[in-house]
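Peer 1: Can you keep this structure in mind? I'll have questions shortly.
The values are calculated or read from the model by the stated rules, or taken from the named source; none is laboratory data. Keep in mind it's a predicted model, so treat the numbers as computed, not measured. Cβ: placed from backbone, ideal geometry, glycine included. Neighbour counts: every protein chain shown. Just the protein is used for accessible areas: all its heavy atoms, side chains included, with ligands, DNA and RNA removed. Shrake-Rupley method; radii C 1.70, N 1.55, O 1.52, S 1.80 Å.
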Amino acid sequence: MRVSFCQGLLTGAIVLNLLILYYVSRAQQQMMEKRRDPGRGSRKAALPASGLGGAWWGLAGGWLALEVSGGEGNSRGPRVTVLLREFEDFENYVGDVARSFLHQRPELPFLAVSDTPPYPPLSLPEGARLLVLSPSPEQPPQAHRPEFHVQTEFVLLVPDGVELEQGRAVERLIRELEGEGGGPVRLVAAPVLARSAVQCLHLRVSLREWTATYTPAASGSSGSVCTALQGDAVVLIRSEDLFNLSVPLGRPLLPSLFIQTSLHGWKVKLLESPCFSASHRPLFSSAHNQWKADSHLKEATSRLMRNFGLKRLLLADGKEQWHGCGKETARCFGTVRDDTPEYLYLDRWTPPCCLRALRETTKYVINILESSGVRYWLEGGSLLGAARHQDIIPWDYDVDLGIYLEDVPNCDYLKNLDSGSLVDANGYVWERAVEGDFYRVQYSEANHLHVDLWPFYPRNGVMTKDTWMEHKQDVEFPEHFLQPLVPMPFAGVTAYSPNNHRAFLELKFGEGVIENPQYPNPAKKRLDRSRL
C-alpha cells in the first residue's frame, strides 16, 4: 500500500500533537505536585500589583511572577505572612508594627489589610504591602482578594501596636500548630503583654436559634484549648484553613474568625509563652479617639452579626448583646405566607429578639385583660407551646388568646375599637383585625409582632365565634373546657388555660400532638425531628 505525501504529512502532524499534549500534561502534573508540597522544589505564583504606601509591588496594573526557592536551610522561602487587619485610620501604628517584624524577620511578607484606602495614607516600610478589599473598576478582581496575596503556608494575625522582640517566637507557634497533626486544634495563639488579659472561652453558635453563647474556659496555663479568645492575642492559622472560611477577614477579626471556626469544630490553643509586647499602651492617645474606636467597634460588631444572622450574644460575664429588632424597628421577617414564615425555609427558628417581643407583649396584654376582668385562655399553638415548653413554640410567630365576647366592654382598649386603632401610653397598638372579627395587639407601630385576641361566645354549651380561619385547629369546642380555667406557666408568666389542655389540644390538632411536634404547614416545610 502506497502512502501519499498528504497522508504522511497528516500522520506526522498527529504524532507531533500527541507529543505536545503528553509534555503539557506532564508539566501540569508537576506543577500540581509542587503546589501540594510548597516546601519542595520551586513555586511560581501570580500576584496582582498592590500599593506599597506610595510604591508598588511589581508593575503598576500588571502581574509579577514571584519565584520562591525550595530545598533545605536558608534556600527555603518564608512560611508565614504577617497580616494586620484591625486598625483605625485616624490613629494607628501599622508602620511601627511592620518595622518591628521586618527588623527581626526581614524575609517575612507583611500585609496590612483595609476595607477602603486609609486616610491619611499609611506610611509603610519597604517590604510591607497594603491590600484594599473594596473593588476598583480599573483592576482585576484578584487584586482585592486576599488569598491571591498570601503565598505562604501560614498566616500570623497580629493586632495593631504589637512588637516582635524575638524572631524565634514565630517558629515556636509553627511548631505548636504542626505538633497538633491536623486534629481539632487548627489555630495557635500567644498573648500580647501590657494589654487586656487574654481569656480562653467556649463558644457555641446556634444558627437555628440566631444565637452565639460564650462561657468561660480554663485559661492561664500553657496549652489551654478552647473555641474562642477574648483580648489581645497573636493568632497563627494555616493559610488554607483561613481562606476556606466564608469570610476570612471579617471585622471585628477575632469574633468573625472564631464564630466561623467553631462552626467547623476547630479549636484554638492558647499558649502561655511566647508573649508579644505592645509598643503603645494605651493604643489611642486621647479619650476622643478611644470613643471613636469604641463606636467603630460597636458598628462593626452589629454589621458582622447581621451578616452572620446572629441576633443575640450571650457573653461570658453574663451580659447580653442584641442585634435584632426592637420596639423602634421593623420585625425580622415579612408577611407570613401559607403559615410558614420565611425563616423556616432557611432552616432557622423564630429570631430571639422576636420571641422576646412576643413575650413582652403577651405579659402586657394578659396584665391588661386580668385587671379589666376579661376572661381569657391560651389558644391554638400558644397552648401547645405552653404544654410542650411552658413557652412560645420556638418557631412560632404570634400568640393566640381566646376571650369571652361578652367581656370585651370591660376593657377600655377593646370596647372602642369598632374602627381604627389605638396606641396606648406604652407604645402598644390595639386594633380590630382587618382579616375578620377579632382583635390584635402589636408590639409597636414599627414592629408588628402581635398577640391575637379571638372573641368566643357560648351557644348550647359550645364555644363558637363569628370569624373562622382556614386552620385545622380552628374549630368549636365544648364550654366545659373553660369551666373552670386553670393557671399554666407560659412565656415567663402564669396564664390561664383550658382545664384539660391535653384533651383540648387533641380535639383541635389530633391525637399525640404534644409529643409529635411539626411545623404549621408540613406541605410547605416539614420539621426534621432528628435535629431536635
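Peer 1: Can you check what the net charge comes to around E370, using other residues whose Cβ is under 13 Å from the Cβ of E370 (Lys, Arg +1; Asp, Glu -1)? Show your work: numbers first, answer last.
Peer 2: On the way: positive: K363, R375; negative: D407.
Net of charged neighbours comes to +1.
Peer 1: For segment 486-493, in order, what is each residue's ³J(HN,Hα) by Karplus, 6.51 cos²θ - 1.76 cosθ + 1.60 with θ = phi - 60°, in whole Hz (x at glycine and Pro)?
Peer 2: After applying 6.51 cos²θ - 1.76 cosθ + 1.60, I find 10, x, 8, x, 7, 6, x, 10 Hz.
Peer 1: Ok, one more. Go through segment 526-531 residue by residue and turn each phi into a ³J(HN,Hα) via Karplus (6.51, -1.76, 1.60, θ = phi - 60°); whole Hz please, and just put x for glycine and proline.
Peer 2: Whole-Hz 3J(HN,Hα) from phi for segment 526-531: 9, 7, 7, 5, 5, 9.
Peer 1: Let me ask another. Distance in nm between label sites at S246 and S136, each 7 Å beyond Cα in the beta-carbon direction?
Peer 2: Roughly 3.0 nm, to one decimal.
Peer 1: Scaled to the compact-protein estimate 2.2 N^0.38 Å, what is the alpha-carbon radius of gyration of segment 126-250, rounded to two decimal places? Before the final figure, lay out each step's value.
Peer 2: Numbers: Rg = 16.6 Å, N = 125, 2.2 N^0.38 = 13.8 Å.
Ratio of Cα Rg to 2.2 N^0.38 Å: 1.20.
Peer 1: Going by average Cβ neighbours within 10 Å, how do the peptides 368-380, 314-326 rank, with the highest at the top? Display every interim value, and only then the final one.
Peer 2: Details: 368-380: 19.2, 314-326: 14.5.
Those peptides, ordered most packed to least, come out 368-380, 314-326.
Peer 1: HN-Hα J couplings of segment 319-336 from phi, Karplus 6.51/-1.76/1.60, θ = phi - 60°, integer Hz, Gly and Pro as x?
Peer 2: 7, 10, 10, 10, 10, x, 7, x, 5, 9, 10, 5, 5, 7, 9, x, 4, 7
Peer 1: Whole angstrom only: what separates the Cα centroid of segment 277-320 from the Cα centroid of segment 468-503?
Peer 2: First find each Cα centre; the distance between them is then 46 Å.
Peer 1: Could you tell me which residue out of A228, G181, T152 lies farthest along the dipole of segment 152-252 toward its positive end? Charges go on the beta carbon: Lys and Arg +1, Asp and Glu -1, centred on the Cα centre.
Peer 2: Sorting the options by dipole projection puts first A228.
Peer 1: Ok, one more. Where does each of 224-234, 387-397 land if you order them by average Cβ count within 10 Å, highest first? Don't skip to the answer; put the middle values down first.
Peer 2: Working: 224-234: 22.2, 387-397: 18.6.
Averaged packing, sorted descending, gives the order 224-234, 387-397.
Peer 1: Could you work out how much longer the chain between N289 and E165 gets when fully extended? Use 0.36 nm per residue separation minus the Cα distance between them, nm to one decimal.
Peer 2: Numbers: separation 124, 0.36 × 124 = 44.64 nm, distance 2.75 nm.
Here the segment from N289 to E165 would lengthen by 41.9 nm.
Peer 1: A further question on this structure: Of all accessible surface on segment 387-451 at a 1.4 Å probe, what whole percent is carbon and sulfur? Please list the in-between numbers first.
Peer 2: On the way: 1140 of 2770 Å².
Its accessible area is 41 percent carbon and sulfur atoms.
Peer 1: Of the cross-linked pairs K363/K525; K465/K508; K267/K311; K311/K524; K415/K465, which ones have a Cα-Cα span greater than 27 Å in the structure shown?
Peer 2: K363/K525
Peer 1: Classify segment 355-433 from the C-alpha gyration tensor, please: rounded if a/c falls under 1.5, else prolate or oblate depending on whether a/b exceeds b/c.
Peer 2: Working: a/c = 2.06, a/b = 1.55, b/c = 1.33.
Prolate, since a/c reaches 1.5 and a/b exceeds b/c.
Peer 1: Separate question: Starting from the Cα-Cα distance between N500 and D317, subtract it from 0.36 nm times their residue separation and give me the gain in nm to one decimal. List each step's numbers first, then the result.
Peer 2: Working: separation 183, 0.36 × 183 = 65.88 nm, distance 4.23 nm.
Contour length minus Cα-Cα distance gives 61.7 nm.
Peer 1: Could you compute the FRET efficiency for H296 and T464, with r as their C-beta to C-beta distance and R0 at 56 Å, rounded to 0.05?
Peer 2: Working: r = 59 Å, r/R0 = 1.06.
Calculated value: 0.40.
Peer 1: Taking H as built 1.01 Å from N, whose amide H comes closer than 5 Å to the amide H of S497, not counting residues under 5 places away?
Peer 2: Result for S497 returns L378, V486, M488.
Peer 1: Using a simple charge model, +1 on the beta-carbon of Lys and Arg, -1 on the beta-carbon of Asp and Glu, nothing else, what dipole does segment 98-238 show about its Cα centre, in debye to the nearest 20? Provide the component values of the computation, followed by the final result.
Peer 2: Values: 12 positive and 15 negative charges, 54 e Å.
With only Lys, Arg, Asp and Glu charged at Cβ, the dipole is about 260 debye.
Peer 1: Note down the magnitude of the dipole of segment 311-434 about its Cα centre, charges +1 on Lys and Arg C-beta and -1 on Asp and Glu C-beta and zero elsewhere, to the nearest 20 debye.
Peer 2: For segment 311-434, the charge dipole is close to 400 debye.
Peer 1: Hey, how many Å between the Cα centroid of segment 198-213 and the Cα centroid of segment 373-420?
Peer 2: Here the two parts' Cα centres lie 34 Å apart.
Peer 1: Could you provide, to the nearest whole Å², the per residue accessible area of segment 293-347 with probe 1.4 Å?
Peer 2: Values: 3220 Å² over 55 residues.
Here the residues of segment 293-347 average 59 Å² of exposed surface.
Peer 1: Can you list which of the GluC sites (Glu not before Pro) found in segment 426-521 are DSSP loop residues with at most 11 other C-beta atoms within 10 Å? Please list the in-between numbers first.
Peer 2: Numbers: sites: E431, E435, E445, E470, E476, E479, E506, E511, E515; in loops: E435, E445, E470, E476, E511, E515.
Within segment 426-521, the qualifying GluC sites (Glu not before Pro) (loop, at most 11 other Cβ atoms within 10 Å) are E435, E470, E511, E515.
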